[in-house]
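Structure first, commentary second.
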Amino acid sequence: MTNSTTVFKPQGTIAHTLVQMMQDFAHTNRMKQQQLGEIEAEPGNKTQKPIHKVSANKAIIPIIVILAILHVMIIYLIMAINQTSSELSTTQRLAGIYSGDANSMMSNTMQLSETTSSYILMPRIDNGEVNYRSLFTFTTAFFSNNRGEQVLERFKTYNVSDPVKGLMAEANASSELMIDRQLHAIALMNSVHPIPDIEPLNTLPIPALTAEELAMSPEQREALSRELVLDEVYTENRGLLSAKVGQANGMIQGAAQAKTGELSQYIGKLRTIMWITTGSIVVILIITFVMLYRWILNPLGKFTQQIPTGEPLDEKEGFKEVTVLAAAYNDVLKRRNALDAILRSAAETDALTNLQNRYSFERYILELEDSKSSMAVLLFDVNYLKQTNDTLGHLAGDRLICTAANCISDSFGEKCYRFGGDEFAAIVEDCTPQSLNQMITNFLADIKKNNVSISYGYAYTPDLSKTSIKKLIDEADRNMYTQKRETHREHDSK
């Protein structure tokens, strides 16, 4: 059987009597000071100098200040590293955007050049129709935002050096010259092989031919058209475009790499400082821990070993607060142990069943107000106790109550209580419906085995914060009395 009696342990009474301890200590300390003054006043008496004790507050406050400063430094360093890393990422991303935009100018111009050449070299396809499909591609590229002029406008707003902008302006000049010659070549070829008036071909800004060009024969106009996109001037500007864009890209990437190297070096310095700061914090924490262990934890650890034995505590070792606590404990040790043992046993334990009593139950449910765990409350009532007392005597009734208490505590654990008479309660925390049903099954088997009739009722919630312990008790009480009425009805009918 699980014994649910609360056994008093000496170390568990420190918090319970702390206020009384300090009051008694203050009184005792005043008496000691008076006695010490009287002894010192007597001639010929040499009193021992009191040992100077350092307060934990005085030792800890400077450490806290230093740690706070170092933590502020770490926060600043983290912010600086994040900001620099973001700037580094932005630099690399913008370099990619700038290079991509520069390449788009060259790609667009080359696409225009290739589609123009395709049309000029083969103005008609095999079935005799005008090769306007190449012109569709030309038109799309011509009106895209990757044309030289559009790219150059964007570069004017980019954060690049003036030499890069100058190279892009030169590249744009070559691009525009090529496009002008492309449109001129298309106009010459259009005069020989008219382009259909369809969208979007009819939106192309095809220039008008000069009177001299109109006076040429169709063959001459075709030859001039090919010359415009194949001669040395056109080829030279094509090379210039590629060279200028390449130089601009080189300068963009070079500037990005230089800034990236500078930012990376700065991040490295910040990280070094942060590691040094973090190391300093670790060293200070180690020193602090050694201090706390040496003058707080170690004495308190010894106290925890001495308190259960009832021995007096060492008042010389540790910070001032520790020695004060030891002195206070020593002054009230004997009275506290005796008084607490008597009061706790009388206040919390049912003498007959050795279970906790109603006072313990009510105190415990107050502690559950902020709980969010699952919980079941069970109430019990021993049936036919009066008949047992009347027919077999009160000793038999007492045995019946003890047997019922054993069945309840065996099945539902430590939190079992006797309210008085034939009434009991149990609280089960952190349970599931399945585990609760198993406990009830074990309980029913146990009372059947011991030939005891107990009415019970319970209430369960998966989260106590969504209801209240009072509601659970009321629900369990209703269920218990419902079962009790049924039990008596069945008994009376037999």
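Residues in segment 173-180: is at least one of a type in the set (Ser, Thr, Tyr), surrounded by 13 or more Cβ atoms within 10 Å (Cβ to Cβ), closer than 30 Å to Asn249 by Cβ and within 54 Å of the chain's Cα centre (by Cα)?
no
Checking the structure you have, find out if any residue of segment 226-245 is within 16 Å of Ser134 (Cα to Cα), more than 53 Å from the chain's Cα centre (by Cα) and not in a helix (DSSP H, G or I).
Checked segment 226-245: no residue is within 16 Å of Ser134 (Cα to Cα), more than 53 Å from the chain's Cα centre (by Cα) and not in a helix (DSSP H, G or I).
Evaluate the following for Ala376: is it surrounded by 20 or more Cβ atoms within 10 Å (Cβ to Cβ) and either of a type in the set (S, T, N, Q) or assigned to a strand (DSSP E or B) (or both)?
Taking the combined requirement at face value, the residue satisfies it.
Need pairs with beta-carbon distance below 7 Å; first residue within 19 Å of Arg226 (Cα to Cα) and in the same structural domain as Glu199 (by TED's automatic domain parsing) and within segment 122-141, second exposed (fewer than 13 other Cβ atoms within 10 Å of the Cβ) and of a type in the set (A, V, I, L, M, F, W, C); sequence gap 6+ or separate chains.
Between residues of segment 122-141 that are within 19 Å of Arg226 (Cα to Cα) and in the same structural domain as Glu199 (by TED's automatic domain parsing) and residues that are exposed (fewer than 13 other Cβ atoms within 10 Å of the Cβ) and of a type in the set (A, V, I, L, M, F, W, C), the close pairs are Asn131/Met122; Asn131/Ile125.
If you scan segment 115-133, which residues turn out to be assigned to a helix (DSSP H, G or I) and farther than 26 Å from Val245 by Cα?
Listed by number, the residues that qualify are Tyr119, Ile120, Leu121, Tyr132, Arg133.
Condition check ((1) closer than 17 Å to Ile440 by Cβ; (2) over 46 Å from the mean Cα position of the chain (by Cα); (3) modelled with pLDDT of 90 or more) across all residues:
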{"position": "Lys372", "(1), (2), (3)": "no, no, no"}
{"position": "His394", "(1), (2), (3)": "no, yes, yes"}
{"position": "Arg399", "(1), (2), (3)": "no, yes, yes"}
{"position": "Asp410", "(1), (2), (3)": "yes, no, yes"}
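Give the residues of segment 296-324 that are surrounded by 14 or more Cβ atoms within 10 Å (Cβ to Cβ), out of contact with any Phe, Trp or Tyr (no Cβ under 8 Å at 6 or more places or on another chain) and in contact (Cβ under 8 Å) with a residue 24 or more places away in the chain, sorted by residue number.
Scanning segment 296-324 gives Pro299, Lys320, Glu321, Thr323.
Kindly check whether there is at least one residue in segment 148-161 that is surrounded by 15 or more Cβ atoms within 10 Å (Cβ to Cβ) and touching a residue at least 60 places away in the same chain (Cβ under 8 Å).
Scanning segment 148-161, I find at least one residue that is surrounded by 15 or more Cβ atoms within 10 Å (Cβ to Cβ) and touching a residue at least 60 places away in the same chain (Cβ under 8 Å), so the answer is yes.
Any residue at all in segment 455-465 that's in contact (Cβ under 8 Å) with a residue 40 or more places away in the chain and over 30 Å from Lys372 (Cα atoms)?
No, the conditions are met nowhere in segment 455-465.
Please determine, by comparing only the residues of segment 355-364 that are surrounded by fewer than 17 Cβ atoms within 10 Å (Cβ to Cβ) and not basic (Lys, Arg), which one is farthest from Ile427 (Cα to Cα).
The qualifying residue farthest from Ile427 (Cα to Cα) is Tyr359.
Collect the residues in segment 277-295 that are surrounded by 12 or more Cβ atoms within 10 Å (Cβ to Cβ) and closer than 18 Å to Tyr76 by Cα, keeping them in residue-number order.
Once the filter is applied, which keeps residues that are surrounded by 12 or more Cβ atoms within 10 Å (Cβ to Cβ) and closer than 18 Å to Tyr76 by Cα, segment 277-295 yields Thr277, Thr278, Ser280, Ile281.
Got a sec? Which of Arg344, Arg363 is assigned to a helix (DSSP H, G or I) and in contact with a Ser or Thr (Cβ under 8 Å, 6 or more places away or on another chain)?
From the options Arg344, Arg363, the qualifying one is Arg344.
Yes or no: Ile66 surrounded by fewer than 19 Cβ atoms within 10 Å (Cβ to Cβ), modelled with pLDDT of 90 or more and more than 29 Å from Leu263 (Cα to Cα)?
For Ile66, the condition - surrounded by fewer than 19 Cβ atoms within 10 Å (Cβ to Cβ), modelled with pLDDT of 90 or more and more than 29 Å from Leu263 (Cα to Cα) - is met.
Counting only residues that are of a type in the set (A, V, I, L, M, F, W, C) and out of contact with any Leu (no Cβ under 9 Å at 6 or more places or on another chain), how many does segment 178-207 have?
Adding up the residues that qualify gives 3.
Using beta carbons and a limit of 9 Å, which pairs, at least six apart or on different chains, have the first residue in segment 209-229 and over 10 Å from Ser191 (Cα atoms) and the second one among the acidic types (Asp, Glu) and surrounded by 10 or more Cβ atoms within 10 Å (Cβ to Cβ)?
From residues that are over 10 Å from Ser191 (Cα atoms), the pairs are Gln220/Glu213; Leu224/Glu213.
Suppose the filter is touching a residue at least 24 places away in the same chain (Cβ under 8 Å) and either touching a Phe, Trp or Tyr at 6+ places or on another chain (Cβ under 7 Å) or not in a helix (DSSP H, G or I) (or both); does Ile252 pass it?
So Ile252 passes the test.
The values are calculated or read from the model by the stated rules, or taken from the named source; none is laboratory data. What you see is a predicted model; the values in this text were computed from it and never measured. A quick note on method: Cβ atoms are made from the backbone with ideal geometry, for glycine too, and the neighbour counts reach across all protein chains shown.
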